[in-house]
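Asker: Have a look at this one.
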């Protein structure tokens, strides 16, 4: 089964720029982790700092685009990893060794669907879909199927720019992982009671921020939902 690990840090905390010595030092930690985890890692990416984000909401059916971190966020996503393991326990054994578990926290989401092309490039972007917890529906329900059909139409409309994506199970299936002074702390559900939680993600290719935003505004979204658009770091550069 696939599990999405969202790597969180505090808003306003250190977010080293790609190419800086601090970023390279952090990268070495993750390279060692990925080498140890091996084939259990099915995908993932590091993200540019949150002050480069684009946020998309809707009002009366019209998209509203704003730049920078979302004002209501106390924590920000710095990257994500997708694991493929036999069960949640096996996944959690790996997640507790991610550097972000000691520096911040990690939310582990069981995935209903997942695919990702190999080899993130410099023109890749992440669109993280967020919704109020009460608006999220369970996979396999008629409501979920109707929403899935909208996403199929979106995929057909934007064509081959899609590089990956996935949908998630309900928020009550989430496990939050923290490591404090060497002690592993596991809690059920998202880390904080938030007005919104993750509901899915897309990865797609676009030559620049404007083109990426033009794609992201077309992603199906609930009335109170939000898309957080972040550029993916090309670690092969």
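Asker: Can you name every residue in region 78-110 that is surrounded by 21 or more Cβ atoms within 10 Å (Cβ to Cβ), in a strand (DSSP E or B) and either out of contact with any helix residue (DSSP H, G or I) (no Cβ under 8 Å at 6 or more places or on another chain) or at pLDDT 95 or above (or both)?
Answerer: 80, 81, 82, 83, 105, 106, 107, 108, 109
Asker: When you look at residue 195, is it free of Cβ contacts under 8 Å to residues at least 12 places away in the same chain and either over 19 Å from residue 63 (Cα atoms) or outside any strand (DSSP E or B) (or both), yes or no?
Answerer: no
Asker: Right, something else. Take the residues in region 140-186 that are at pLDDT 95 or above and part of a loop (DSSP other than H, G, I, E, B), then tell me which one is surrounded by the fewest Cβ atoms within 10 Å (Cβ to Cβ).
Answerer: 141
The values are calculated or read from the model by the stated rules, or taken from the named source; none is laboratory data. None of these values were measured; they are calculated from a predicted model. Neighbour counts are summed over all protein chains in view; Cβ atoms, including those assigned to glycine, are modelled from backbone coordinates with ideal geometry.
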